[in-house]
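A.B. asks: First the structure, then my questions, so here it is.
The values are calculated or read from the model by the stated rules, or taken from the named source; none is laboratory data. Just so we're clear, the structure is a prediction, and the values are computed from it rather than from any experiment. Every residue, glycine among them, receives a Cβ derived from its backbone with ideal geometry; neighbour counts consider all protein chains shown. Areas reflect the complete protein model, heavy atoms only, side chains present, ligands, DNA and RNA absent. Shrake-Rupley method; radii C 1.70, N 1.55, O 1.52, S 1.80 Å.
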Amino acid sequence: MSISELREPRRRVGTTGERLLDVRGLRTSFTTRDGVVRAVDGIDFHVNRGEILGLVGESGCGKSVTSLSILRLIAPPGRIEAGELIFDGRDLLKLDSRQMRELRGNRISMIFQQPTSSLNPVFSVGRQLEEVLELHRNMKRRAARDRAAELMRMVGIPDPVRRLDAFPHALSGGMAQRVMIAMALACEPELLIADEPTTALDVTTQEQIIDLLQEMQAEFNLSIILITHDLGVVARVANSILVMYAGRPAEFGEADDIFYRCSHPYTRGLLDSVDYGAYRPGEHLHPIAGVPPRLDQLPPGCAFHPRCLYAEPICRDSVPEFGRVPSGHTVAACHPALAGRLNLHRAGAHASGAREL
Amino acid sequence: MASTAPLAEQSLDQPLVARPANLWRDTLRNLLGQRSAQAGLVLLGVVLLMAVAAPILATHGETTNMLDAGETRATGAVRNAAPCIHLLGCAASKSQHILGLDSNLRDEYSRVIYASRVSLEVGFFTVGIAIIIGTVLGAIAGYAGGWADNLVMRVMDVLLAFPALVLAIAIVTVLGPSLINAQIAVAIVGIPVYARVMRASVLSIRERDFVTASRALGASSYDILLRRILPNALTPLIVQGTLGIAGAILDVAALSFLGLGSQPPAADWGSMIGDARNVVFVAPWLVLAPGAAIAIMVLGFNLLGDGLRDALDPRLNR
């Protein structure tokens, strides 16, 4: 089975094509003893209302820093150097800290990789849900408690009223992630950033959480930025995809464009390195050779060139611009991408084992 | 809003909780299961009983001179009189004084009983002040970082650089000798310990995921510090505070022994030892009785503190 078989026609629930978040030229850097490291170096993408954006890339490519930057939760020594974060017509980077605080958890929420440690161990989960409601909705304790129970039921927690008094350590990872989702959605935000929400969970629970996120998205016309390593999940739910490499964007576009007409060698490599069916004799995966570079020791030119199957001398000399390709999506315009010969080349490269995507 | 029905697979994911855990109940259960904590609680129970029931337990007034109470030399009202207990064969003609009389003809036993009130109050007041100030300073230092951290912690280092008692003596010398000033002095000396404990907790807790998570949900710095970090930092503070009470009682007793704390005629274990130090060979009971009382109380707090540390330690808990 290939990735294409996992994709089904997208349910376009309430999609209006209206841009909810427009990230332009975001650049976030961290000052270290050895100098300034750009964890995110000029990325552009946008999220439409009611759509799911999949943000993929290897560890350390800047996915989490991107998401934390959107909420302006980058703590010193990190800082957002440049860019615009246009959320619903306003640049988040121009808001003062109080306005920003009102937005967080209210209009933009975030859930994290480790659900159990994302909950405060000394308070019951009900109390923590109530606090969010008291904070943003000025609800009284009683009303907040009722609403908290309702939210717990909404995210599929059985026996919610009794569970309100449970402490985080008594919950399984899946349950804790449900509680986190309930907290994040308590104030009906427009954008949810899910930073690898299923990484710490076992496989059956992963499915449930992704299903839940999709359900919630449909119900609230929510936009989701889904950060993940799991291309299978992205294939299943994402409307659009941003592929990142070493803090820079490799490719951004509609999910179908990325999966069927990818233009960047790195995207190609990612797609080739996963298989979603049973292993068939004689069929090989094609992992990307090597490891991602350290951000403080980026190779010259295109950061991907030492691992790239298509590398040519020009790749060492210049950093490819991010631009449109004929199919309509944007891509780091390196020579194979521009020439549009990626798929052709690839078919020749792995003639026997190649699968058509 | 319509709520979605729970998924069918839910039962797989359902943890088996009989009833929700309760931090305080768990802690209490753990505490009561420990020998040392049990012993500490018994000892402190004795002291607490002394303090609460002092008027009932005491045979005489705290500051009553026995001559004023109608006794005479003939009934045994002499300076540093030895204990006279009728049950143990003391002549019936003499009036009964379980621990004898001190040099001012006051009943030593009654004074020891009454003085437990002073020591308890001293312990809680002193540590209370030190914890409040130390926690605030430590929280600011740990949370703000940068120059604020440096400023606060360097001042704390200076305080720590002095031997505690010497610094306390210096402070009392400036403020003037009295029980309250002795307590203030000991509290000031105690601040750095709590500031350091709090700062360390804040530094580690502020990096925890749930702090980032609540910030992502819109909590302000104030909320984070007070409602996320402080409750999680309470454990080491409670333990340190309990152990600190013992130290504070000892320090104030030492100041009183030197005449810089509790002033006559008030009963206080430290000053009682100090007053009787010249007659330690003539009337050792005058030194031993308040000394034993101090030891019991300090031991009680130390045992309880150790027990609390174990009871509150999550690594031993579950």
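A.B. asks: At least 2 residues that are modelled with pLDDT under 90, open to solvent by less than 50 Å² (accessible area, probe 1.4 Å) and closer than 20 Å to B:Ala141 by Cβ in each: list the helices (runs of 4 or more DSSP H) lying fully within segment B:194-308 that qualify.
C.D. replies: Answer list for segment B:194-308: B:230-257.
A.B. asks: Would you check which residues across segment B:40-65 are in a loop (DSSP other than H, G, I, E, B), touching a helix residue (DSSP H, G or I) at 6+ places or on another chain (Cβ under 8 Å) and of a type in the set (A, V, I, L, M, F, W, C) and list them?
C.D. replies: B:Ala58
A.B. asks: Sticking with this one: Might you check whether a residue that is within 10 Å of chain B (Cβ to nearest Cβ), small (Gly, Ala, Ser) and more than 21 Å from the chain's Cα centre (by Cα) occurs anywhere in segment A:99-119?
C.D. replies: Within segment A:99-119, none of the residues are within 10 Å of chain B (Cβ to nearest Cβ), small (Gly, Ala, Ser) and more than 21 Å from the chain's Cα centre (by Cα).
A.B. asks: Looking at segment A:174-193, which of its residues are more than 9 Å from chain B (Cβ to nearest Cβ) and either of a type in the set (A, V, I, L, M, F, W, C) or surrounded by fewer than 24 Cβ atoms within 10 Å (Cβ to Cβ) (or both)?
C.D. replies: Correct list: A:Ala176, A:Val179, A:Ile181, A:Ala182, A:Leu185, A:Pro189, A:Glu190, A:Leu191, A:Leu192.
A.B. asks: I'm trying to understand the selection: among the residues of segment A:35-51, which are within 30 Å of A:Met216 (Cα to Cα) and in a strand (DSSP E or B)?
C.D. replies: Correct list: A:Val40, A:Ile43, A:Asp44, A:Phe45, A:His46, A:Val47, A:Asn48.
A.B. asks: Hey, another quick one. Between residues in segment A:164-193 that are among the basic types (Lys, Arg) and residues that are part of a helix (DSSP H, G or I), which pairs lie under 7 Å by C-beta distance while being six or more apart or on different chains?
C.D. replies: From residues that are among the basic types (Lys, Arg), the pairs are A:Arg178/A:Leu212.
A.B. asks: Please go through (1) within 30 Å of B:Phe210 (Cβ to Cβ); (2) over 17 Å from the mean Cα position of the chain (by Cα); (3) surrounded by fewer than 22 Cβ atoms within 10 Å (Cβ to Cβ) for A:Arg261 and return the number of the only condition it doesn't satisfy.
C.D. replies: (1) is the only condition that A:Arg261 fails.
A.B. asks: Could you tell me whether A:Val161 is surrounded by 23 or more Cβ atoms within 10 Å (Cβ to Cβ) and in the same structural domain as A:Thr199 (by TED's automatic domain parsing)?
C.D. replies: No; evaluated as a whole, the condition is false for this residue.
A.B. asks: For a quick check of your reading of the model, give me the residue pairs whose first member lies in segment A:148-159 and is within 8 Å of chain B (Cβ to nearest Cβ) and part of a helix (DSSP H, G or I), whose second is hydroxyl-bearing (Ser, Thr, Tyr) and surrounded by fewer than 19 Cβ atoms within 10 Å (Cβ to Cβ), with beta-carbon atoms closer than 8 Å and at least 6 apart or on different chains.
C.D. replies: Cβ pairs passing all conditions: A:Glu150/B:Ser3; A:Arg153/B:Ser3; A:Met154/B:Ser3; A:Met154/B:Thr4.
A.B. asks: If you take the residues in segment B:198-218 that are out of contact with any strand residue (DSSP E or B) (no Cβ under 8 Å at 6 or more places or on another chain) and among the hydrophobic types (A, V, I, L, M, F, W, C), which one is nearest to the other protein chains (Cβ to nearest Cβ)?
C.D. replies: B:Phe210
A.B. asks: Only residues in segment A:131-144 that are under 17 Å from B:Ala216 (Cβ atoms) and in contact (Cβ under 8 Å) with a residue 40 or more places away in the chain count as the first member; pair them with residues that are aliphatic (A, V, I, L, M) and open to solvent by 30 Å² or more (accessible area, probe 1.4 Å), Cβ under 7 angstrom, at least 6 apart or cross-chain, and list the lot.
C.D. replies: Listed by first residue and then by second, the contacts come to A:Leu133/A:Met139.
A.B. asks: Select from segment A:56-100 the residues that are in contact with a Phe, Trp or Tyr (Cβ under 8 Å, 6 or more places away or on another chain) and closer than 20 Å to A:Ile258 by Cβ and write down the one among them that is most open to solvent (accessible area, probe 1.4 Å).
C.D. replies: The residue in question is A:Glu58.
A.B. asks: Please state which of the following conditions A:Phe220 fails to meet, knowing it meets all the rest: (1) away from chain B (no Cβ under 14 Å); (2) surrounded by fewer than 19 Cβ atoms within 10 Å (Cβ to Cβ); (3) among the aromatic types (Phe, Trp, Tyr).
C.D. replies: Here A:Phe220 clears every test but (1).
A.B. asks: Does segment B:118-166 hold any residues that are closer than 30 Å to B:Glu62 by Cα and among the charged types (D, E, K, R), and which are they?
C.D. replies: Passing the criteria: only B:Glu121.
A.B. asks: Could you count how many residues in segment A:194-217 are more than 11 Å from every other protein chain (Cβ to nearest Cβ), open to solvent by 30 Å² or more (accessible area, probe 1.4 Å) and touching a residue at least 12 places away in the same chain (Cβ under 8 Å)?
C.D. replies: Selection size over segment A:194-217: 2.
A.B. asks: Kindly indicate which of B:Ala141, B:Ala115 is assigned to a helix (DSSP H, G or I), in contact (Cβ under 8 Å) with a residue 24 or more places away in the chain and in contact with a Lys or Arg (Cβ under 6 Å, 6 or more places away or on another chain).
C.D. replies: Selected residue: B:Ala141, the only one of B:Ala141, B:Ala115 that is assigned to a helix (DSSP H, G or I), in contact (Cβ under 8 Å) with a residue 24 or more places away in the chain and in contact with a Lys or Arg (Cβ under 6 Å, 6 or more places away or on another chain).
A.B. asks: Check whether at least one residue in segment A:123-139 is under 17 Å from B:Arg208 (Cβ atoms) and of a type in the set (D, E, K, R), and report yes or no.
C.D. replies: Yes.
A.B. asks: Determine, yes or no, whether A:Thr199 is touching a helix residue (DSSP H, G or I) at 6+ places or on another chain (Cβ under 8 Å), over 25 Å from A:Asp22 (Cβ atoms) and not aliphatic (A, V, I, L, M).
C.D. replies: no
A.B. asks: Kindly indicate the residue of segment A:131-147 that is part of a loop (DSSP other than H, G, I, E, B) and on the phi < 0 side of the Ramachandran plot and also farthest from the other protein chains (Cβ to nearest Cβ) among those meeting that condition.
C.D. replies: A:Lys140
A.B. asks: Which one is least open to solvent (accessible area, probe 1.4 Å) among residues in segment A:101-130 that are of a type in the set (D, E, K, R) and in a helix (DSSP H, G or I)?
C.D. replies: Taking the candidates together, the pick is A:Glu130.
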